Structures are given as C-alpha cells and as structure tokens.
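Peer 1: Got a structure for you, written out below as structure tokens; questions coming shortly.
The values are calculated or read from the model by the stated rules, or taken from the named source; none is laboratory data. Keep in mind that this is a model prediction, so the values were computed, not measured. Note that each Cβ is placed from the backbone with ideal geometry, even for glycine, and that neighbours are counted across all protein chains shown.
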Amino acid sequence: MNTTMTLPYEKITKKDWSINALLSALNTKREQGPALEKLASLNPVKLKKTEIQVDEIYRYIDISALSPEKGMVEEIKEMEGAKLPARATLQVQTGDLILSSVRPERNAVARITDNLSGCLVNNTFIVIRPHQRTFSYLLYFVLRTDNVRSKFMLIARGNAIPTMKTKDVKDVKLPIYGVTDEQEQTAEKLYNQWYQKQMSVQSLGDLVESVLRDFDVFSPVSQEQKHRTLYSAISYCELEGRWDVASSLNEVDLEKEARVPMRPLESLAVSFKAGATISAKEYQDEGTPYIRIKNIEKGTLTDHELVYVSEEWAEKFEKAIIKPYHVLISRVGTVGKTGVADKAFSGALASQHITLVEANREKLLPLFLSYFMMTEWGLTQLQQRASGSSQVFIKLKDIKELLVPAIPISDQEKIILAIKKKEFQQSDQEVKKEIEKLTNEIIV
C-alpha cells in the first residue's frame, strides 16, 4: 500500500504548511465539479457601520440562533442599532444560505425563509446567495452532506477554533453534475417537509408531559398556568427553613396537579449507588467504558465522546458498575439528566457525578422513571433540592425522596408505548431517507 503522495511545487508555496492545507491542495487538484462561486455569490450584501441607524430596531442572527442538528434558525434577536455587535455586518434575503465559518465539523448550515428576510447576520457566518433562487433548496441539502462537510473541514485553519476563510470556501468544488428541474422541484418539496417537521418538534420532556396529562396522571394545563407570571407571593408562615427561590418554586403544584398517588422513589427502588471518581489522566482509548454526564442523552446512553479506563478500576469500584435497566441520574453540575442503560453498556463504570438507581420492576419500570424525570414535575423537585453555589449538586437522600407516580405497571407500559408512538410521529427519519436518496443521485 502506497502511503506517500506528491504535490506540485506551486501548491506548497503558501505560508500554511499544515497537513490539512496540503491535503486540501491535493484534493483541489484531483476533484472535479463546479466551484461554489460558480453557483452562488458569497456575502453579497455588507453593511458599513455608518449605514446602521442607532435608534432603529434590527433583527439579528448570531451563531447561537442556529441549530446545527436541525439546520434551522430557531430564534432571532431584536435590538437597537446602537446595541448591535460590531460583527453584525451582513444582510440576508429569502433563499440565502448561511454557513458558519467556525468549526465546520458542526455542519451549521441554514436556509433563510421569508420570515427571516432582511435580518442582519453575524459575520462569522458566510452568506451564500445562489444565482438561481430555486437552486437554494438543493444547494442547502448538498452543503449539509458529509461529503461537503469533509471538504470544509480540510480548508479550516487553527487548532483551538478551526475557521474557514471566505476566499477558500469560494474555491470548494461541489461534486454535482446535470441537476434536472425535476430534482430541484423534489428538493423544494423535501425542504418544506423538513422545515415543517423541525418547526413542530416537541422536546421529549414536553412530549412526555402531554402524554401524562392525556392519561390523567396529572391535571390538564389550567388557564392560570398558561398565564403564569415569573413571580408569586408566598405567605410568611411558609418561609420556614430554606428561603432560596428554588426551594419554594412550584412546591405545591405537584400535590395539586397529581391525580394519582405519588410515592418516594426509595419505596419503588431496589438500590441506589454512587459512581466512581476517576481522574481524567486515567482515560485511555480502550478498556472499560467510563460513562460521564455527556453520555446521557434523551433517556438513553450514547457513545459520543466516550472514554475508557483500565479494567483494574472496574474491579476497584464494583458498586459503580452499570447493569442493564439501571437508571442513571446526573446529580452534580448538570443536574437531572436521566438515561436507561441497555445491554450495550453493561459492565461500564458510572462517574462520580451520576447516581445509579435500580428500580423495583414489579412497581416501577426504568423507562417510565426516566421519562418522568424529564418533565417539569421531576426536574422541579431536583431544582428544589439542589445545593451549592459554584457547582450545584443533589444529595443521595434527596434523590431517594423524589416523588414519583405510583401507578400499575400495565398503565406505565401503555404510557411508554404512547410516548414512543408520538416520538415516531414527529420523527424526521423518513424525510431524511428521501433527502439522502436525492443527494446520492446528484453527487458524483
């Protein structure tokens, strides 16, 4: 196998001799397809500071407004011209695409819809305006493919914060040929489906809450709750013990809203165990998986940024070993994330910031507990019990005292099925498959 490559001298006369720069030069030489600048204008409208009216209200998009996962701008800011950041120098219109020049591996790309037209955009974005407006739907999907993302990653410079330059993005060749009118129409249709899906998606916590209300576990949302203010009055006689806001926040709501018996978690569980304290210097590339809070996501465990420790640590911290159906609850820092362990993570070690709960499965299903802890009723209890100023934490005894709906196992099973059904209904997997099929057709 040949592991060496040659480059023409003129390709290595630039100042940047990093491996990414050399690989990018090599790929540019080999690749075919139109350069991005042949298909679109980049940063077509730039505003000077003198063009900003200090007392006018502007709509502004910065990097925090864009969801890389959804590929959508989720919210915009409104602010006076006098308060706009110095980087608010680009303006967009319907059909434009915005691409984050920072950390291209995040794949932060979005399309500007009618409601966002005229917004100012932070210049850490690159605004891409297709020469043909109808092409913006297809180009949006192409820019979000792994193929093109890898090209952007190659031209990014900087170790701490990899960043692309606009002049380099212009030269990126897109491996697309012979796009038909029918494919452009299909892209528009798929984009509209994708957009509607992303804009209507409920968070998992909200979804679980709606199902629990549907099953009459908790009362429907009242008019009072809909118009709840950010403050409430508490009588002096109720201010015994803790006086901090969290300890009084919604304290009575759980009793008022619950339509089923609520029992302490300790009465519905077999055991509670603490995770293991292991220094980061002990992390390695293989061995026993070490589950941290970042590995708990949406009620399950994920191998994202998973680290390992030697098997000796598993022998030393036997009580911190994860078993199937353990419910993991984060209790330090990011408090309240929950996930159920499956067989894939059996034998892994939990970190010291996690409590392992073994539910009594004749009384409480692990997944039902995990779902409940994502709701406002579960999270509010954790907030009330949290201590600490620089870093919040929950004591083990407080986790044991958490109130959980005590309902028959058959009802818990029905609720879990209803939640999964709603999750499937709002899933974007079918649209994703159609988008992937389309991009595979046009990318050579």
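Peer 1: Looking only at strands (runs of 3 or more DSSP E) that fall completely inside segment 43-107, which ones have 2 or more residues that are at pLDDT 95 or above and surrounded by 15 or more Cβ atoms within 10 Å (Cβ to Cβ)?
Peer 2: 57-61, 88-91, 97-100
Peer 1: Separate question: Can you pull out the residues in segment 185-229 that are at pLDDT below 90, in contact with a helix residue (DSSP H, G or I) (Cβ under 8 Å, 6 or more places away or on another chain) and among the β-branched types (Val, Ile, Thr)?
Peer 2: Once the filter is applied, which keeps residues that are at pLDDT below 90, in contact with a helix residue (DSSP H, G or I) (Cβ under 8 Å, 6 or more places away or on another chain) and among the β-branched types (Val, Ile, Thr), segment 185-229 yields only Val221.
Peer 1: With (1) of a type in the set (Val, Ile, Thr); (2) more than 28 Å from the chain's Cα centre (by Cα); (3) crowded, with 17+ Cβ neighbours inside 10 Å as the list, and Ile409 as the residue in question, which single condition is left unmet?
Peer 2: (3)
The rows are residues; the columns are (1) among the aliphatic types (A, V, I, L, M); (2) in contact (Cβ under 8 Å) with a residue 12 or more places away in the chain; (3) in contact with a Ser or Thr (Cβ under 8 Å, 6 or more places away or on another chain); (4) more than 19 Å from Thr355 (Cβ to Cβ).
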position	(1), (2), (3), (4)
Gln384	no, yes, yes, no
Val392	yes, yes, no, no
Lys397	no, no, no, no
Glu401	no, yes, no, no
Pro405	no, yes, no, yes
Gln412	no, yes, no, yes
Glu423	no, yes, no, yes
Gln426	no, yes, yes, yes
Gln429	no, no, no, yes
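Peer 1: Next question, about the same structure. So which residues in segment 268-294 are touching a residue at least 40 places away in the same chain (Cβ under 8 Å), closer than 20 Å to Ile329 by Cβ and out of contact with any Lys or Arg (no Cβ under 7 Å at 6 or more places or on another chain)?
Peer 2: Within segment 268-294, Ala269, Val270, Ser271, Ala274, Gly275, Ala276, Thr277, Ile278, Pro289, Tyr290, Ile291, Arg292 meet the criteria.
Peer 1: Among the residues of segment 72-92, is any at positive phi and either within 30 Å of the chain's Cα centre (by Cα) or assigned by TED's automatic domain parsing to the domain that holds Pro130 (or both)?
Peer 2: Scanning segment 72-92, I find no residue that is at positive phi and either within 30 Å of the chain's Cα centre (by Cα) or assigned by TED's automatic domain parsing to the domain that holds Pro130 (or both), so the answer is no.
Peer 1: Of everything in segment 251-302 that's among the charged types (D, E, K, R) and assigned to a helix (DSSP H, G or I), which residue is surrounded by the most Cβ atoms within 10 Å (Cβ to Cβ)?
Peer 2: Glu257
Peer 1: Moving on to the next point. For segment 303-344, which strands (runs of 3 or more DSSP E) that fit wholly inside it have 3 or more residues that are buried (at least 20 other Cβ atoms within 10 Å of the Cβ) and in contact with a strand residue (DSSP E or B) (Cβ under 9 Å, 6 or more places away or on another chain)?
Peer 2: Per the criteria, 327-330, 338-340.
Peer 1: Given the conditions (1) over 14 Å from Ile293 (Cβ atoms); (2) at pLDDT 90 or above; (3) out of contact with any His (no Cβ under 8 Å at 6 or more places or on another chain), and given that Gly339 satisfies all but one, which numbered condition is not satisfied?
Peer 2: Failed condition: (1).
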